[in-house]
Structure formats: C-alpha cells, structure tokens
Amino acid sequence: MRDAARIPGSVVAFNEPKNIKSTLLFMSDENNTFDILTQLVRTGHETEWPAGRPTSTPIYAAATYTYESMDEMDKVFAGELPGYVYTRHGNPTVTILEDALRVVEGGATARAYGSGMAALHAALFACDLSPGASVLASQDLYGATTNLLLNIFGVFAIKSVFTDFSDLSKVRAKAGEIKPRVLIAETISNPLLKVCDINACAEIAHQAGARLIIDNTFASPYLCQPLKHGADIVVHSATKFLGGHADATGGIAISRDEFDATALTGVMKLVGGILSPWEAHTILRGMKTLGVRMDRHCENAKALATHLQADSRIGRVYFPGLAREDERMKTARMLREEQFGALVSIELKDNTREAAFRFMDALKLCVRSTSLGDVFTSALHPATASHRDLSPARRRDLGISEGLIRISVGIENLKDIIADIDQALAALSETRPLATGLRA
Ligand code: PLP
C-alpha cells in the first residue's frame, strides 16, 4: 500500500469541503437506486456554495434555476425574493458585470446585452420612442447606429434627424425645431474623432424635454463618465476597450435613473439579445486591466499622431490632441487629463480607395480588422467597413473619404507600430500590383 505521508504536501493536506459533492441534482432517493442513464443526466452538481470565495468571477453556465418549493420560486418570479429563474431574465455572472459598469459609470441601473447594437437599441427603446416621436442624432454616429435609427426605428414611424454635434448652435436650433425625445451622440465620434461637449448637449436636451444618450465606446469609462457630464443613458460596445482582446462580443446600457430598469430589463427579456455568462466573464477579466491598457493606448496614439503629422504622404491627421486650442480645451473637460483616446485617423494625400487599400495591404504588424480597442494595433477603411452601408454621397458629406484610414493604436512597442506604418506609407509609391480584388 502507498504511504500517504510520502506523497508531497498539498496533495494529502487538501481537505475537500464536505459541501462539494458530486451529488445527483434534486435527488430525493438517498440510496441512489437510479439507473446509470439517470445518473449521467443528473450527476456533477454542487448543492451548496463551496467553502472559500473564488477570487475570479465564476461562470454561471446555468440557463435555469430551481428552488426548494414552488412557494419560494413563485416569490422569486414575482420579485418578492431575490434570485434567478432563467438566464434570459438574469444571470449571476452577467449581474456582476452590469454592477461593475454601473459603479464605474456612476449610474443607478445597468443592463448587459449580446452586442453594442443590442444595447443601443435597448437604450433608445427606454426613451419612450413611440410612433411620431423624433430623435436628434449626431451625423457622425457609427454607421450601424445610423442604420438602426433609420431602418429599425424608422419602420415604426420614429423620425431621425442628423446634425453636426460639434456645432452646438445647429444642435440647439434643430432641438427647438423638431422637439426630439432623444439626442444621441458618441463621446469621441467615429471615424473623425470629434469630441462631444456632453455638458452642453445635455443642457440642450433637457431644455427641449429630451434625454441624452451617449455612446461611450471610444472613450471607455476610464477616459470619460458621461453621466457625470449630464447624460441620461450611457452605452458601450463592450466588444471594444472593455473586453480589449478581440475575444468577446457584448454591450451595456447604464442609466442615471433607476426608473429605466423596467424598460432596459423588458428589452432584455422580450427581445432576448442577452449577454452570455461566458462573454460576461471575459469582459470582466478585460475590465481589470482597462486602466493600464488605456494609459498605454493613449500614450502610443499621441506619439503616433504627432509622428504622422509631419509625413508628406498624409493629407490630414485626425486626433483630438492635435485639434485647435478650443477643441483641445473641450477635450480636456471631457476626457481624463492629458489623454486624447486611442484612435488616430489619417487621410492619405492620394485620397483614393486604391491608395488606402495599398496602404492597408502593406501593413505587416497592424491588423486589418473591423473593430477597435483591442490590445493589438488595427486598421480599418471606414468607407468599406464601418460606414459601408451609407451612400457614397452621404459619406462625402460627412467627410469620410476613400483615402481615410482609422487606426486603433494598440499597446505594442511604439517603435514597432511606427515602423510598420512608415513602411506601409512607403509602399504607396511602389508600383507592384495590389493584392486585392481592386486590380483591373
Ligand atoms: N458603437 C460604436 C461607437 C461602435 O464602433 C460599434 C462597433 O464598431 C458599436 C457601437 C456596435 O458594437 P457591437 O459591434 O458590439 O454591436
């Protein structure tokens, strides 16, 4: 027989908690007279909370929850007792993420969804958008948000009017004219990176009897907390900086008003675009490093923008830190001190799709991908990606040219990022054929 004392320490020292048992779930037959088919189906469940508190959030992969009695379950369903009944109505891992974001954004209520678009839909729905109501939207919204307003809410006779939110006199005039129920803008717009004066927009919205929704995806709560500047609902695509590693898709809406819990939860339960507990866990893990990642993202972005500003192959660099003095002062009021975000957009001097594709194809380190906010540097061509569904004329009106490229600056070594972008710019003057379908 093997001598237990000779087996290295922790193996024998571990005293398994008695309340973790591979019991058969809900089994009333103590003698276990069940057939193996039944045992297989019902085995492997813990019946009580284990001893010791886990230091990382557990993934509650349960879709349903049971209770000792129907009376208890009935009370949970009725909201008289706290608890979960069905994951489309709520899940512990998702609740922990919701609460974490509610706290960092300083809100009264938060609900998570399966994507940023689902969260935007819920936030708009929470603003009482009935037929005949109108929305005053920033003309610089993410393309899909514009299409959500036009193609989904528009079908229900909700009218959206778009204006330049960087011109407050236009916002004020339109709000007075159309009496909107909602104003909606992004903290840092996509892809021209205009910073919204949230305080001023909130004031205009409230004077008009409307509410202000701010999509805070590009800033993240580390750089800006829009509720503190007067916004009513904040939305994030958690797919971006919050997750940060291109491995989770999710969205969240956070409201300053507890009252919104009913509508935000209603959309979650009835439309059903819920966040999976697996994604909630991944996003929670991402949030732990958000601060250090953002510091590095912003530092690299600032240095890259400054470097590119001097490049003769670039017509214009869009970066809030290089804007006019008054714009920079506004940015300083909205964002964390000396931080200007992690995105840099460039317009090539050869302002054509062909040049943009040639530049993108030449990138070796930076990833061509349809997202932002990941730890790696990525580049996107707005005219064929984020704003693809807008008409060419509309893109032209918005200043989204064919030679515009949006760079989400990662946390790699700055020298490597700059070297890759420099060599891709150098490739613009090469005569080798394009790698893409643009060839004649
Ligand atoms: N808001 C902004 C500013 C975005 O850039 C995106 C996506 O790129 C979304 C919302 C939508 O997020 P998701 O892709 O998670 O639905």
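A few notes on this one:
- The C-beta contact set for region 108-134 (first residue at positive phi, second residue at pLDDT 95 or above and aliphatic (A, V, I, L, M), distance under 7 angstrom, 6+ apart or interchain) comprises Gly132/Ala157.
- Qualifying residue in region 88-96 (condition: at pLDDT 95 or above, touching a strand residue (DSSP E or B) at 6+ places or on another chain (Cβ under 7 Å) and within 25 Å of Ser276 (Cα to Cα)): yes
- For region 175-200, the candidate set comprises residues that are over 26 Å from the mean Cα position of the chain (by Cα) and surrounded by fewer than 21 Cβ atoms within 10 Å (Cβ to Cβ); within that set, the residue that is nearest to the ligand (Cβ to nearest atom) is Ile178.
- Of the set (1) surrounded by fewer than 23 Cβ atoms within 10 Å (Cβ to Cβ); (2) under 16 Å from Ser408 (Cβ atoms), all apply to Gln309 but (2).
- Checking each residue in region 356-374 for being away from the ligand (no atom under 14 Å from the Cβ), buried (at least 16 other Cβ atoms within 10 Å of the Cβ) and in a loop (DSSP other than H, G, I, E, B) picks out Leu363, Leu365, Cys366.
- Qualifying residue in region 147-156 (condition: surrounded by fewer than 23 Cβ atoms within 10 Å (Cβ to Cβ) and of a type in the set (Val, Ile, Thr)): yes
- Any hit, region 265-285, residues being among the polar types (S, T, N, Q), within 17 Å of the chain's Cα centre (by Cα) and within 16 Å of the ligand (Cβ to nearest atom): yes
- Among the residues of region 197-204, some residue qualifies, meaning at least one is touching a residue at least 40 places away in the same chain (Cβ under 8 Å) and either among the aliphatic types (A, V, I, L, M) or closer than 17 Å to Ser255 by Cα (or both).
- Of the residues making up region 115-150, those that are away from the ligand (no atom under 15 Å from the Cβ) and assigned to a helix (DSSP H, G or I) are Phe125, Leu150.
- Exclusive hit being at positive phi and outside the structural domain of Asp397 (by TED's automatic domain parsing), set Lys179, Lys170, Lys159, Lys174: Lys179
- When each of Arg439, Arg396 is tested for being surrounded by fewer than 21 Cβ atoms within 10 Å (Cβ to Cβ), modelled with pLDDT under 90, out of contact with any helix residue (DSSP H, G or I) (no Cβ under 6 Å at 6 or more places or on another chain) and of a type in the set (Lys, Arg), the lone residue that passes is Arg439.
- For region 304-326, the tally of residues that are in a helix (DSSP H, G or I) and within 25 Å of the chain's Cα centre (by Cα) stands at 4.
The values are calculated or read from the model by the stated rules, or taken from the named source; none is laboratory data. Worth saying up front: this structure is predicted, and the values here are computed from it rather than measured. Neighbour counts run over all protein chains shown; Cβ positions are idealised from the backbone, glycine included.
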